Amino acid sequence: MTTVIQREIPAEIRGRVSAFNSLGAFALGPLGLALAGPVSDIVGAGRLLGLGVLWQLTAVGVVLAFPSVRRHGAR
């Protein structure tokens, strides 16, 4: 993803794009990890892992549903 950002995002706004990317990684990532334990106690570890797999497959499917993403190739 970093390569695509450096190639496609103008230099003037690249810092802002990277800041939003970091916010997601560094703020929401630990929040998900903190919630994983209590949620697995409630629903069970196997069911939580299955939900995680479903979530990832859905997210990838939504991104790949955009034709512009599928057509984006390396230069």
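Sort out which residues of the stretch 54-75 are surrounded by 10 or more Cβ atoms within 10 Å (Cβ to Cβ), assigned to a helix (DSSP H, G or I) and either of a type in the set (Asp, Glu) or at pLDDT 90 or above (or both), and write them in order of number.
54, 55, 56, 57, 58, 59, 60, 62, 63, 64
So, in the stretch 1-47, how many residues would count as being in a helix (DSSP H, G or I), more than 23 Å from residue 69 (Cβ to Cβ) and more than 18 Å from the chain's Cα centre (by Cα)?
The number of residues fulfilling the criteria is 11.
Under the condition of being among the hydrophobic types (A, V, I, L, M, F, W, C) and exposed (fewer than 10 other Cβ atoms within 10 Å of the Cβ), which residue from the stretch 1-12 is nearest to residue 72 (Cα to Cα)?
1
Considering only the stretch 35-52, state which residues are surrounded by 10 or more Cβ atoms within 10 Å (Cβ to Cβ) and of a type in the set (A, V, I, L, M, F, W, C).
Matches in the stretch 35-52: 35, 36, 39, 43, 45, 48, 49, 51.
The values are calculated or read from the model by the stated rules, or taken from the named source; none is laboratory data. This is a predicted model, so every value here is computed, not measured. Methodologically, a virtual Cβ is constructed for each residue, glycine included, from the backbone with ideal geometry; neighbour enumeration extends over all protein chains shown.
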